[in-house]
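Colleague: Pasting a structure below so you can have a look.
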């Protein structure tokens, strides 16, 4: 049942071009998305910069309340997809929009 | 079984032959008539004037020994701040100021701004500023903060690496760019944080990127125009590594064709890192340069079975042609990120009735090696701080004897491996005194609980896989400062510090050793006994390289940068961890200096000086 719900959410998630700073996270609160984001966080080497506990290292701490490029889900999505001028790579060609939302969901889960 | 093994290992690891500075002074019988504990000496070429500091380690041998004696044990307690200089950049400050003639040269961490300060004028005002504007994408590719570990002066130029894998030369008189060369593509993960090193008409530079799946390189550039004289990769076929007929490693397991390929699975050497980001030494008699290489990539060892040559190793190369002469891998198939990049201090020691040309290397793995630098034979390899991954280095094979309990396991936490990736000592360089025959080093006392993960290579992102929880080692103190006998392979004295001791060292002709701490103390210590003679609290951590120099006023000064960053972040949750900083501190006896204090009676802008107020009027 959880899997089915998850698939439905994915099908209805917006295309990446439509994401703006105010776009709501279509996977918000979805436990499967949190776990999928967790897996991607390691698999895509996010942990290499931000640490396996997300507290930062090479890159910024993602568990505190300091956000250089915005804390809204749409802003986090944008940061991951497009990268930043100060070294965060752009991941839009390496992850799907849904995968990026899963990572956003995982990061948000550390702020509850 | 693993746990009991680990317990035994821990007990062995804790048994360090050590003497506290609080204990009585070293046994007089160990000190020769000339005052040396060991009889070790060094070649101080290029024999710069005593008051100058024209290269990061002062000499080719990397001794960081200053012959100056004006500041001595009788007056060191009167050291005060003469002047300071803030450069405004908040990344870690790791370099040593250079003093050439009447000018001091400084370069900041990213964005690598260079300053020339005029030491002949009150307050050492800025002569010029050079802003190279390196590519900011380098920020995301530098593993361990956006640092620079030093800069070089040669042929009227200030030469240094920019974080974005470029090297730049600046006219030392005018601050104008003379040349800039791009050495690699920073978006693939290669950065340049290394201290450029000059001998004659060549500047030697190495790459960083041990955690980014790069293929490390070391090259000689021509000082004149930055063009490449030779380039040697640190993994791959012999041809690209400049390994040829002259290459004669001492140990047979490092002899063979294309070992930089065949000791890796498939083509994994191409992402095998082995980046040479540490200091370079040079022997003018042998005309050889010495440098180390970093950990292999990825850091998860189960993905790369084999020796993984030439990671975590040391190279001797002909300085002119670049041809490899010998190499030695400290930690074969490095499973813990122990690297081999720490400095190599070139000294000569008495050994079994003869003099031997050696180098001394404090490896991250916790063993201090005294190695014959003419052929790569390990003469001494003894534990200098707390470790439990190996029971010893077997001197017949040159290989460590690894404890079973120290092997990492994928997706399983292995507790209490000592040291963690940062090692028992990191890049922060030691110093050698020919007066005591000892080396002095800031070191760490720490361990890790390690969980490894399988990783895949994605260009420009970390190729890593180590998840660590690091903690202090036995005793609870994270740091120490030690005096080391490189002949016997043992400590002579040591001082404990609360946090990791990341500072470089300078030792002087007055037998004073200067080093700093992460909690912001700058200390002068008696080189013979370890007694602290003076301490000054500064604004941020000291994790740079102090120097001693003579000003144009013929006064001795001690200078050191303060500014936390780099690998010191490991201690960021330790109570008292300092905020960032970016200040150069310059000390002298009583804080005296040109135009300072009561001698600075007019403002620069009001020159020529106004007519003095008559003493009678002044009393009204």
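The numbers here are math on the coordinates, done by the rules we state, and not lab data. Just so we're clear, the structure is a prediction, and the values are computed from it rather than from any experiment. Note that we place each Cβ from the backbone using ideal geometry, even for glycine, and neighbour counts take in every protein chain shown.
Colleague: Just the ratio, please: alpha-carbon radius of gyration of chain B over 2.2 N^0.38 Å, N its number of residues. Display every interim value, and only then the final one.
Modeller: Details: Rg = 23.7 Å, N = 620, 2.2 N^0.38 = 25.3 Å.
Here the answer is 0.94, to two decimals.
Colleague: Also: Let me confirm one metric for peptide A:45-57, namely the mean number of other chain beta-carbon atoms within 10 Å of its residues' beta-carbons. Show your work: numbers first, answer last.
Modeller: Working: counts 13, 2, 7, 15, 7, 1, 2, 8, 2, 0, 2, 2, 8.
So the per-residue partner count for this stretch is 5.
Colleague: Quick one: B:538, B:289, fewest Cβ neighbours within 10 Å first, how do they rank?
Modeller: Details: B:538 22, B:289 25.
Listed from fewest to most nearby Cβ atoms, that is B:538, B:289.
Colleague: Provide Rg and Dmax in Å for region B:193-325, with only Cα atoms included in the calculation.
Modeller: Looking at region B:193-325, its Cα Rg and Dmax stand at 14.2, 45 Å.
Colleague: Suppose R0 equals 30 Å. What FRET efficiency, 1/(1 + (r/R0)^6) with r the Cβ-Cβ distance, do residue A:35 and residue A:86 give to the nearest 0.05? Working shown, then result.
Modeller: Working: r = 30 Å, r/R0 = 1.00.
The value I calculate is 0.50.
Colleague: For the ranges B:371-382, B:210-221, B:271-282, B:104-115, what's the packing order if you count other beta-carbon atoms within 10 Å of each residue, average per peptide, and put the highest first? Could the numbers behind the result be given before it?
Modeller: Details: B:371-382: 20.1, B:210-221: 26.5, B:271-282: 28.8, B:104-115: 23.0.
Put in order of decreasing packing, that is B:271-282, B:210-221, B:104-115, B:371-382.
Colleague: Rg/Rh for region B:95-149: what does it come to with C-alpha atoms and Rh from Kirkwood? Walk me through the intermediate numbers first.
Modeller: Values: Rg = 13.4 Å, Rh = 12.4 Å.
Expressed as Rg/Rh, it is 1.08.
Colleague: Which value, in nm² and rounded to one decimal, describes the direction-averaged projected area of the C-alpha convex hull of region B:360-418? Don't skip to the end; give the middle numbers.
Modeller: Details: hull surface 18.4 nm².
If I average the Cα hull's projected area over directions, I get 4.6 nm².
Colleague: Could you please rank B:310, B:389, placing first whichever residue has the fewest other Cβ atoms within 10 Å of its Cβ? Intermediate results must be reported in sequence, preceding the final value.
Modeller: On the way: B:310 32, B:389 21.
The most exposed by this proxy come first: B:389, B:310.
Colleague: Let me ask something additional. So what is Rg over Rh here for region B:456-529, counting just Cα atoms and using Kirkwood for Rh? Provide the component values of the computation, followed by the final result.
Modeller: Numbers: Rg = 17.3 Å, Rh = 15.1 Å.
In region B:456-529, Rg relative to Rh is 1.15.
Colleague: So what does log10 I(q)/I(0) come out to for region A:31-109 at q = 0.17, 0.20, 0.25, 0.26 Å⁻¹, using the Debye formula with one equal point on every Cα and no solvent?
Modeller: So the normalised log intensities are -0.58, -0.83, -1.44, -1.59.
Colleague: Further, regarding this structure: For the pair residue B:174 and residue B:456, what calculated FRET efficiency results from E = 1/(1 + (r/R0)^6), where r is the Cβ-Cβ distance and R0 = 60 Å, to the nearest 0.05?
Modeller: Values: r = 49 Å, r/R0 = 0.81.
With R0 = 60 Å, the Cβ-Cβ based efficiency is 0.80.
Colleague: Sort A:91, A:101, B:128, B:427 so that the residue with the fewest other Cβ atoms within 10 Å of its own Cβ comes first and the one with the most comes last. Please report the intermediate quantities before stating the final value.
Modeller: Values: A:91 21, A:101 30, B:128 17, B:427 26.
Ordered by Cβ neighbours within 10 Å, fewest first: B:128, A:91, B:427, A:101.
Colleague: Another question, if that's okay. What is the helix-to-structure angle for B:2-14, meaning the angle in degrees between its Cα long axis and the longest Cα principal axis of chain B, kept from 0 to 90 and rounded to the nearest 10?
Modeller: Around 40 degrees separate the two axes.
Colleague: Further, regarding this structure: Per the Kirkwood definition applied to all pairs of different Cα atoms, how many angstroms is the hydrodynamic radius of region B:76-121? Working shown, then result.
Modeller: Working: mean 1/r = 0.0821 Å⁻¹.
Mean inverse Cα-Cα distance, inverted, gives 12.2 Å.
Colleague: OK, next. From the P(r) of the protein assembly as shown, can you give the percent of Cα pairs sitting at distances over 51 Å? Show your work: numbers first, answer last.
Modeller: Working: 34744 of 267546 pairs.
The calculated P(r) of the protein assembly as shown puts 13 percent of pairs beyond 51 Å.
Colleague: Still on this structure: Which value at 222 nm does the protein assembly as shown reach when only helices count, each DSSP H run of 4 or more adding -39,500 (n - 2.57), with the total divided by all residues and rounded to the nearest 500 deg cm²/dmol?
Modeller: Values: 9 runs with 77 residues, N = 732.
Theoretical 222 nm ellipticity from helices: -3000 deg cm²/dmol.
Colleague: For residue B:81 and residue B:267 in one chain, what is 0.36 nm times their gap in residues minus the Cα-Cα distance, to one decimal in nm? Please report the intermediate quantities before stating the final value.
Modeller: On the way: separation 186, 0.36 × 186 = 66.96 nm, distance 5.50 nm.
Result: 61.5 nm gained on full extension.
Colleague: Sticking with this structure for a sec: At 1.567 mPa s and 4 °C, plugging the Kirkwood radius over alpha-carbon pairs of region B:144-254 into Stokes-Einstein gives what diffusion coefficient in µm²/s? It would help to have the intermediate numbers written out before the result.
Modeller: Values: Rh = 14.9 Å.
Rounded to a whole number, D works out at 87 µm²/s.
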